[in-house]
Amino acid sequence: MTTLTEIEGRSVFRRSTDVVCRAVGHESILVPIRNNVGNLDFVYTLSPVAARIWQLIDGVRTADEIVETICAEYDIDRDTALSDLAALVADLTEVSLISKTT
């Protein structure tokens, strides 16, 4: 499990190339793709904030930069944004949809 201290600072995460994200109504869904086939047994629904974090996880931005962006766009405090990021990173890392680069 990813902890808050593991994502703070200069940590950078990247999305797997084996997943697609699609907007469906007011939600976004992640569908793992293997050999060009979507595995519909494992579809992940993202809230609007989680979908924005997904967009920001680009293999370039640091965790601090993502937290700063979320704080500015959603008018929430740093601790809440960091906690939300840590929870999403832990979940997505566990199912191999993202990985830590640094």
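The values are calculated or read from the model by the stated rules, or taken from the named source; none is laboratory data. Just so you know, these numbers come straight off a predicted model, no measurement behind them. Heads up, the Cβs are rebuilt from the backbone with ideal geometry, glycines too, and the neighbour counts pull from every protein chain shown.
Numerical summary
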| quantity | calculated |
| --- | --- |
| Hits in the stretch 75-102 (condition: in a helix (DSSP H, G or I) and over 11 Å from the mean Cα position of the chain (by Cα)) | Arg78, Asp79, Thr80, Ala81, Leu82, Ser83, Glu94 |
| Candidate set: the stretch 13-49, residues that are more than 11 Å from the chain's Cα centre (by Cα) and within 15 Å of Thr93 (Cβ to Cβ); chosen: the one modelled with the lowest pLDDT | Phe42 |
| Filtered residue count, the stretch 48-75, keeping only those that are β-branched (Val, Ile, Thr) and surrounded by fewer than 16 Cβ atoms within 10 Å (Cβ to Cβ) | 1 |
| Checking Thr17 against (1) surrounded by fewer than 13 Cβ atoms within 10 Å (Cβ to Cβ); (2) in a strand (DSSP E or B), the condition it does not meet | (2) |
| Residues of the stretch 76-97 classified as exposed (fewer than 13 other Cβ atoms within 10 Å of the Cβ) and farther than 25 Å from Val24 by Cα, total | 3 |
